[in-house]
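Only one structure is covered here, and it is reproduced in the block below.
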Amino acid sequence: MEWTAIILAGGKSSRMGTNKAVLPLGGQPVIEHLVRELQKATGNIVISCGQSSEYAELGLPLLYDIYPRCGPLAGLHAGLAASPHRWNLVVSCDMPFVNASLAQYLVKQALELEGRGAEDGGRAIEAVIPRVNGQIHPLLAMYRCTVLPGLEQMLDDGCLKVKQWTSGLAVRYITGEELSRASGIPLEMIVFNMNRPEDYQAAQFYFEQNKT
């Protein structure tokens, strides 16, 4: 079954002070590294870029926010609204260690859950979200297209908190340990994201220590 990978790259990077998606790791921008990993898993990749055209050189479809200045939920919405597929993997552009194996595992879980009619609270599962050290990570997750109407309603109501939205979904949570085993990524790096300069420095150190 085909699926779409949606890279969220429309944030302001205010805490980083510069666009974190184009910061280099190993001589390659973070977003380009992420694209190359996802291309190993799917031929359907789009970039939800807010209002920017900065990523045109990547040669992928750029999706602009239908709800401008509404944060990550608007990026999620733009990606899901444009997707022709039932299931979609959403990945934030500041997660430099997401690899193809991790993506494929999340996809596999979503399809298997749907195939056996898994439910949560009497409703068919519509999201698969990592939960690492007690924290959920909805910007690295699988979403079924049926979540779109509820997402639009949240945006129309001005409710912009991602976790508030996901709390109303039928979700299956995947542990960090499970994702680490499936992907080969150390547990502490599974959902590592770069928000601040010190995060970028940590990512550079880890990348240099583990490059082949």
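Throughout, read-outs are computed from the coordinates displayed, never taken from laboratory work. Predicted model, so just to flag it, every value in this text is computed and none were measured. Ideal geometry is used to build each Cβ from the backbone, glycine not excepted, and the neighbour counts take in all protein chains shown.
Computed values, structure above
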{"read-out": "Residue-span extension gain [residue 201 to residue 40] - 0.36 nm each, minus C-alpha spacing", "value": "55.3 nm"}
{"read-out": "Dipole magnitude of the stretch 75-212 about its Cα centre (Cβ charges: Lys, Arg +1; Asp, Glu -1), debye to nearest 20", "value": "240"}
{"read-out": "Distance histogram in 10 Å bins (all Cα pairs of the chain, percent per bin)", "value": "8, 36, 39, 14, 1"}
{"read-out": "Least to most buried among 144, 15 (fewest other Cβ within 10 Å first)", "value": "15, 144"}
{"read-out": "Net length gained if the chain between residue 2 and residue 69 were fully extended (0.36 nm per residue, minus Cα distance)", "value": "21.1 nm"}
{"read-out": "Sorted by Cβ neighbour density within 10 Å, fewest at the top, the residues 166, 4, 18, 146", "value": "18, 146, 166, 4"}
{"read-out": "Where labels lie 7 Å past Cα in the beta-carbon direction, separation of residue 81 and residue 119 in nm", "value": "3.2"}
{"read-out": "Net charge contributed by nearby residues that have their C-beta within less than 12 Å of residue 195 (K/R +1, D/E -1)", "value": "+1"}
{"read-out": "DSSP-defined beta bridges in the chain - what % are antiparallel, rounded to 5", "value": "45"}
{"read-out": "Centroid-to-centroid separation of the stretch 181-212 and the stretch 81-160 [C-alpha atoms, Å]", "value": "22"}
{"read-out": "Net lengthening on full extension, residue 135/residue 14 (0.36 nm per residue, minus Cα-Cα)", "value": "41.3 nm"}
